[in-house]
Amino acid sequence: MAMIASSPGRKAYLIDTLALVRRLEAEGLTARQAEAITHLITEVLHDSLDSVAHTFVSKPDMQKSEMVAEAALIKLKAEVQSTMDLRFAALQREVEGLKIGVDKVKSEIRYEVDKVTAGQRLDLNLEKGRVKEEMNVQLQEMNNLSNKLDKEINNLKTQLEAAKFEIIRYCIGTLVSISALGLGILRLVM
């Protein structure tokens, strides 16, 4: 009497149950006890083989999973690159627009300063005291505007640096995630 223990997609293992029953009887067990023990051992072995078979993945399934993961990784890289390119282009356009706006404001300020200065020069001989006071006010306003412009430019530079930092951090996070995924896959493969 021989039984075959096998698991799906795996090798079949022959168990010589008759020899096992006879050996147990030789050890002093009754025939019924020996058959019961042999039957239990065969069931445990069959369940263990099934459990082992369900724990492991077949090579074709593993290769299919690797191909799916590689395709997802390539798609993710393309999406990340596209997103980075779009954000960088948008930031460049925004910076260029801000530079144009700053240049326009500077030229307007220059124009206004020139206009005020020309008018003041004409009235200088008649109203020297009043002109000095008015010039001080105008210079103070110009300094305030210049300070405001400098602050705005510095704020824009800070925002640009922060955006660059966020992009770099996002890239690093993505690369770390990809590396972790790759290591996870490598671990599953091994």
Revision key, fill the gap. Regression test value, accessible area per residue of the chain, probe 1.4 Å, units Å², expected 80 Å²
Check your understanding: What lysines sit close enough to residue 115 to cross-link, taking a C-alpha to C-alpha distance under 28 Å and skipping anything fewer than 8 places away on the same chain?
Key -> 99, 104, 106, 128, 132, 148, 151
Study note, to complete from the structure: Phi angles of the stretch 167-184, converted by Karplus (6.51 cos²θ - 1.76 cosθ + 1.60, θ = phi - 60°) into ³J(HN,Hα) in whole Hz with x for Gly and Pro, give 5, 5, 5, 4, 5, 5, x, 5, 5, 5, 5, 5, 4, 5, 4, x, 5, x
Check your understanding: Among (i) 1.62; (ii) 0.93; (iii) 1.00, which is the computed Rg/Rh (Cα atoms, Kirkwood Rh)?
Key -> (i)
Study note, to complete from the structure: Ranking 34, 44, 98 by how far each Cα lies towards the positive end of the charge dipole of the chain (+1 on Lys and Arg Cβ, -1 on Asp and Glu Cβ), the top one is 98
Practice item. Calculate, in nm to one decimal, what residue 121 and residue 178 gain on full extension: separation in residues at 0.36 nm each, minus their alpha carbon distance. Key: 13.6 nm
Check your understanding: Expressed as a whole number of Å, what is the distance separating the alpha-carbon centroids of the stretch 22-77 and the stretch 95-148?
Key -> 88 Å
Review point. Which of the lysines could be linked to residue 75 by a straight reach, that is with a Cα gap under 18 Å, when you skip same-chain ones fewer than 8 residues away?
Key: 64
Practice item. Using R₀ = 30 Å, calculate the FRET efficiency as 1/(1 + (r/R₀)^6) where r is the Cβ-Cβ separation of residue 110 and residue 160; round to 0.05. Key: 0.70
Review point. Mind checking the angle between helix 59-123 and the chain's longest principal axis? C-alpha axes, 0 to 90 degrees, to the nearest 10.
Key: 10 degrees
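When Lys and Arg each count +1 and Asp and Glu each count -1, what net charge do the other residues less than 12 Å away from residue 159, Cβ to Cβ, add up to? Can you show the working numbers first?
Working: positive: 157, 164; negative: 94, 152, 161, 166.
Summing Lys/Arg as +1 and Asp/Glu as -1 gives -2.
The values are calculated or read from the model by the stated rules, or taken from the named source; none is laboratory data. As the structure is a prediction and not an experimental result, all values here were calculated from the model. Cβ sites come from the backbone with ideal geometry, for glycine too, and all protein chains shown count toward neighbours. The protein model used for the area step is the full one, side chains on, heavy atoms only, and it has no ligands, DNA or RNA in it. Shrake-Rupley method; radii C 1.70, N 1.55, O 1.52, S 1.80 Å.
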